[in-house]
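Everything on this sheet refers to the single structure shown next.
A short reminder: the numbers here are calculations on the coordinates, not readings from a lab. Small disclaimer: the values here were computed from a predicted structure and weren't measured. With ideal geometry, Cβ positions are generated from the backbone for all residues, glycine too; neighbour counts draw on all protein chains shown.
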Amino acid sequence: MSDFWKGKNVFVTGADGFIGSWVAKELVGRKANVTVIVRDIKKEACFDLHGLRPKVNVVQGDIVDLAVLERSIAEYEVGYVFHLAAQAIVGIANKSPLSTFESNIKGTWNVLEACRKKESVKGLVVASSDKAYGVQEKLPYTEDSPLLGTYTYDASKACADILAKSYFATYGLPVAITRNANTYGGADMNFSRIVPDAIRCLIKNETFNIRSNGEPERDYMYVKDAASSYLALAENISRKEVRGGAFNFGTETPIRVVELFKKIAKIFGKPSATVKILNESRNEIPRQYLSTEKARKILGWKPAYSLDGGLKETIDWYKLYFKTKN
């Protein structure tokens, strides 16, 4: 492990959420000086589940407030920014489009603008998503695939993606973009997502409900690999072939939702667990998976975990979590 992050001042948005908390955890482990911004006081912020609160600087504020971002980056002399804050639940996005657009689009342009104004910022990584690609005739998605996201969440991520590229093209902002596959792992408290919900149901001996018809096909990446992708991108952001670019990160091994549940149940030790297919979900892309050839060639990045390996660690995390809560 390199000492790239040792002593560097880093700002993370979304650290009270799932993936952002793992990015912050990794940075703290690499001896960075980490500052996070938190909007809501939650009973269970994800960075608390990692024991990070006493190890980071916590700013109370909202990314839709430009002044708070400017003050935070200036006062903590931030050199690198990871922007992961977003309204990321598809169901909520469909029910509440305006708040989703405000957080995911306005929040992103505020982060970009705050970084543009501070010469201390040497690198900014913005989280887009594989959802920004929308429905494509050709799979897997490559970074040259057009951004065709049309549903609320997908469109908000496509807009954030384009804004980041605009700030690079117009101002030379040292920014790069992640387009990651579906990410799973411990400390994901959004139990509307398939992996934590499936594990919760298995722990509690409840029937697991699949909201779709069970056929949507996705690429699932373990959260430790997701965190490593963010850091790898930031560490290389001074390179001309990286700065201003977008990079896909995933495992290149898509799996249908119903097959994913069967795999989780088998690894858990309950291969005959019951599942109910509701076929209720709407506004979801039927098939999605990514080519990560660009990340392999330019960054030397590849996932360290297989799906089975990542799921085993995730199951162990939730077993301990629910045991502790009970």
Q: Please build a GNM for the chain, connecting alpha carbons under 10 Å apart, and tell me which residue among K270, K122, K138 fluctuates the most.
A: K138
**Q.** Förster radius 35 Å - calculated FRET efficiency between D40 and R116, Cβ distance, rounded to 0.05
**A.** 0.85
Q) Which loop GluC sites (Glu not before Pro) in the stretch 1-100, with loop taken from DSSP, have no more than 13 other Cβ atoms within 10 angstrom of their Cβ? A) E44, E77
**Q.** C-alpha center-to-center spacing [the stretch 144-221, the stretch 1-56] in angstrom
**A.** 20 Å
(Q) If R₀ is 30 angstrom, what is the calculated FRET efficiency for the pair K319 and A74, using the beta carbon separation as r and rounding to 0.05? (A) 0.10
(Q) Report, in listed order, any pair from K138/K165; K31/K325; K55/K263; K117/K302 with a Cα-Cα distance greater than 27 Å. (A) K31/K325; K55/K263; K117/K302
Q | Pairwise label distance in nanometres, S306 with T253, each label 7 Å out on the Cα-Cβ vector | A | 0.6 nm
Q: Under a 10 Å cutoff between Cα atoms, tell me which one of G134, G214, G186 has the largest fluctuation in the Gaussian network model of the chain.
A: G214
Q: Any chance you could run the full-extension gain for R200 through S2? It's 0.36 nm times the residue separation minus the Cα-Cα distance, nm to one decimal.
A: 67.6 nm
Q: Decide, for the stretch 271-326, between rounded, prolate and oblate: order the square roots of the alpha carbon gyration tensor eigenvalues as a ≥ b ≥ c, take rounded if a/c falls under 1.5, and otherwise choose prolate if a/b is larger than b/c, else oblate.
A: oblate
Q) Each residue of the stretch 232-249 in order: what ³J(HN,Hα) in whole Hz does its phi give by Karplus 6.51 cos²θ - 1.76 cosθ + 1.60, θ = phi - 60°, with x for Gly and Pro? A) 4, 5, 5, 5, 10, 5, 6, 7, 5, 7, 10, 4, x, x, 10, 9, 7, 9
Q | Rounded, prolate or oblate (a/c below 1.5 giving rounded, otherwise prolate when a/b exceeds b/c) for the chain by Cα gyration tensor | A | prolate
Q. What is the stretch 1-121 by shape, rounded, prolate or oblate, if you read a ≥ b ≥ c off the alpha carbon gyration tensor as root eigenvalues and call it rounded for a/c under 1.5, prolate for a/b larger than b/c, and oblate otherwise?
A. oblate
Q.
Only sites in a loop by DSSP and with at most 16 other Cβ atoms within 10 Å count here; which GluC sites (Glu not before Pro) in the stretch 239-282 make the cut?
A. E241, E280
Q. What list of ³J(HN,Hα) couplings, whole Hz, do you get for the stretch 91-103 from phi and the Karplus terms 6.51, -1.76, 1.60, once you set θ to phi - 60° and write x for glycine and proline?
A. x, 5, 4, 5, 7, 9, x, 5, 5, 5, 5, 4, 5
